[in-house]
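Encoded as structure tokens, the structure appears first; notes follow it.
The values are calculated or read from the model by the stated rules, or taken from the named source; none is laboratory data. This structure is a prediction, so every number in the text was calculated from the model and none was measured. Neighbour counts are summed over all protein chains in view; Cβ atoms, including those assigned to glycine, are modelled from backbone coordinates with ideal geometry. When the accessible area is computed, the model is the full protein with side chains, heavy atoms only, and any ligands, DNA or RNA have been set aside. Shrake-Rupley method; radii C 1.70, N 1.55, O 1.52, S 1.80 Å.
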Amino acid sequence: QVQLVESGGGLVQAGGSLRLSCVASGSIFSINDMGWYRQAPGKQRELVATITSGGSTNYADSVKGRFTISRDNAKNTVYLEIDSLKPEDTAVYYCNAHLVVGGIRTAYNYWGRGTQVTVSS
């Protein structure tokens with residue numbers, strides 16, 4: 001059984017900062033790409049940022065320069081530093097990991113349950 005658990009969301013004022021964390025646990029052999037996605041009310045889930053096991057990153061144009069993704073491979077954890085928050089960043093933020101499950105050595109895509117980020121103007 002593999003789980004992804006996000007934390008760090010909350011209510012912040014515009015211009016503020018947050019740090020989201022996501023820990024992967026369970027029977028994990030290895031983790032390939034990890035990433036963050038978000039879904040605002042009435043909208044589809046969208047990519048925020050991804051990071052490979054080697055540390056290469058990719059960002060949505062809307063967050064470049066304000067969001068920073070990083071990971072600690074030893075802790076199976078991915079982070080998202082969010083600066084200069086805007087009301088339009090309000091969404092549920094989901095963690096995603098493409099990983100190889102231990103034992104069966106098969107790769108699957110996993111999602112966390114999400115953490116709410118609300119930005120007030």
Review point. Between residue 116 and residue 32, what length comes free when the chain is fully extended (0.36 nm per residue of separation minus the Cα-Cα distance, one decimal in nm)?
Key: 27.7 nm
**Study point:** Simple label model, 7 Å out from Cα along Cβ direction - residue 66 to residue 86, nm
**Key:** 0.5
Practice item. List, in order, the whole-Hz ³J(HN,Hα) value for each residue of region 47-52 obtained from phi through the Karplus relation with A = 6.51, B = -1.76, C = 1.60 and θ = phi - 60°; use x for Gly and Pro. Key: 5, 9, 6, 9, 9, 7
Revision key, fill the gap. Mean accessible area per residue over the chain (1.4 angstrom probe, all protein chains present, square angstrom) is 53
Check your understanding: Of the residues 24, 14, 97, which exhibits the maximal mean-square fluctuation in a Gaussian network model of the chain defined by a 10 Å Cα contact cut-off?
Key -> 14
Check your understanding: Of all accessible surface on the chain at a 1.4 Å probe, what whole percent is carbon and sulfur?
Key -> 46
Review point. Under unit Cβ charges (Lys, Arg +1; Asp, Glu -1), what dipole magnitude, rounded to 20 debye, does the chain have relative to its Cα centre?
Key: 160
Check your understanding: In nanometres, what is the gap between the two model label sites at residue 109 and residue 23, each 7 Å from Cα along Cα-to-Cβ?
Key -> 2.6
Point to revise | Gain upon complete extension [residue 57, residue 74; 0.36 nm per residue less C-alpha separation] | key: 4.3 nm
